[in-house]
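Note sheet for the following structure.
The values are calculated or read from the model by the stated rules, or taken from the named source; none is laboratory data. Quick caveat: nothing in here was measured; it's all calculated off a predicted structure. Note that each Cβ is placed from the backbone with ideal geometry, even for glycine, and that neighbours are counted across all protein chains shown.
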Amino acid sequence: MKLNEKEQRPKEEDQHLLEELKAGTKDVEWLSKNYPALRKKYPKQFIAVKNQQVIIAHKDLVSLINTLKRKFGDPNEYLIDFVPDENYTLVV
């Protein structure tokens, strides 16, 4: 079965979701690339990242989320990660 041209084009809502996924992917790549510097600047803190920059950092996750809600809106729009200090070693 062949799709017509209208069915092949992404819907506006789907396009918005694709753009959000691409932005989130860029944030993950940025976080990975900048992790050594982030470990120095934000040791033992949670950070919220959006558009390849740290928006807020806090030692307590609940406080970070509450501040995001109060000042910036929906916390689900941010990449949130814990940044260990430089002495942290992951053993697998």
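Got a number for residues in segment 20-37 being among the β-branched types (Val, Ile, Thr) and outside any helix (DSSP H, G or I)?
Of the residues in segment 20-37, 0 are among the β-branched types (Val, Ile, Thr) and outside any helix (DSSP H, G or I).
What number of residues within segment 63-77 satisfy the criterion of being at pLDDT below 95 and out of contact with any helix residue (DSSP H, G or I) (no Cβ under 6 Å at 6 or more places or on another chain)?
Count: 5.
If I go through segment 55-74 residue by residue, how many of them are in contact with a strand residue (DSSP E or B) (Cβ under 7 Å, 6 or more places away or on another chain) and either under 19 Å from residue 20 (Cβ atoms) or of a type in the set (Lys, Arg) (or both)?
Count: 4.
Among the residues that make up segment 30-50, is at least one of them surrounded by 15 or more Cβ atoms within 10 Å (Cβ to Cβ), under 13 Å from the mean Cα position of the chain (by Cα) and β-branched (Val, Ile, Thr)?
There is at least one residue in segment 30-50 that is surrounded by 15 or more Cβ atoms within 10 Å (Cβ to Cβ), under 13 Å from the mean Cα position of the chain (by Cα) and β-branched (Val, Ile, Thr).
Starting from segment 39-68, keep only residues that are closer than 12 Å to residue 80 by Cα and without any contact (Cβ under 8 Å) to a residue 24 or more places away in the chain, then list their pairs with residues that are hydrophobic (A, V, I, L, M, F, W, C) and in a helix (DSSP H, G or I) whose Cβ atoms are within a distance under 7 Å, requiring at least 6 positions of separation or different chains.
55/72; 56/64; 56/68; 58/64
Mind counting the residues in segment 38-62 that are in contact with a helix residue (DSSP H, G or I) (Cβ under 6 Å, 6 or more places away or on another chain) and assigned to a helix (DSSP H, G or I)?
The number of residues fulfilling the criteria is 0.
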